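Single-structure report; data block below.
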Amino acid sequence: KNEVEQSPQNLTAQEGEFITINCSYSVGISALHWLQQHPGGGIVSLFMLSSGKKKHGRLIATINIQEKHSSLHITASHPRDSAVYICAVVDYTGNQFYFGTGTSLTVIP
Amino acid sequence: EPEVTQTPSHQVTQMGQEVILRCVPISNHLYFYWYRQILGQKVEFLVSFYNNEISEKSEIFDDQFSVERPDGSNFTLKIRSTKLEDSAMYFCASSRTGTPSTSGRIVVRSTDTQYFGPGTRLTVL
């Protein structure tokens, strides 16, 4: 049973394209995280959301609590955006963490 | 910019041996976490730690595992008797704030951004 589902699993885009990665979850949550895992394995936290929308540079994250859905958008994608993007949720009790399997993004020059 | 550091970057051990993975969280952070990622699989939560106590642990975090904050800077994960299936990348993370429960049981509400270390790759032979 997967509490967090991401789509697509793999995504190839041309440089400059607008990219959307989706995350759906089945548990009540207190927060949702978007993480970026580089090819070398390191993990960077991109966003933490509990409602609404956040923007950082070319990255935008939105969450709809009622629909239990979040999206990560990348505008004007660049080859350096190539990485695995992971959605993770913290359940409403505050302490159980559930991770999606990740979306592997490749941006081609 | 402050960062979470982990040592060693790669640890190779024999099955049945004890290993200690070390993490230095960001200095003003109060909440600490361990995760693991078996090669090719998704990241899994192991344990969260606040105020010198385990706040929550997953089913993976059995009696073979323990965590400790032996001094003001280090946060360690010990695996007492390693198994082949413990081979994975282990990530430490820390966050500045959370909201402890007022019910008497410490609950880490991870409502703050977590900062991840670079990971320790553990290989059990």
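The values are calculated or read from the model by the stated rules, or taken from the named source; none is laboratory data. In this text, all values refer to a predicted model and were calculated from it rather than measured experimentally. Here the Cβ is made from the backbone with ideal geometry for all residues, glycine too, and neighbour counts use every protein chain on show.
For segment B:7-45, the candidate set comprises residues that are in a strand (DSSP E or B), crowded, with 22+ Cβ neighbours inside 10 Å and of a type outside the set (Ser, Thr, Tyr); within that set, the residue that is farthest from the chain's Cα centre (by Cα) is B:Val43.
Quick one: would you say A:Ile43 is out of contact with any helix residue (DSSP H, G or I) (no Cβ under 6 Å at 6 or more places or on another chain), surrounded by 17 or more Cβ atoms within 10 Å (Cβ to Cβ) and facing another protein chain (nearest Cβ under 8 Å)? So A:Ile43 fits the description; yes.
Across segment A:55-82, what is the number of residues that are more than 15 Å from A:Ser30 (Cβ to Cβ), within 14 Å of chain B (Cβ to nearest Cβ) and modelled with pLDDT of 95 or more? Looking only at that region, the number is 2. Taken as a whole, segment A:12-22 holds no residue that is within 13 Å of chain B (Cβ to nearest Cβ) and assigned to a loop (DSSP other than H, G, I, E, B).
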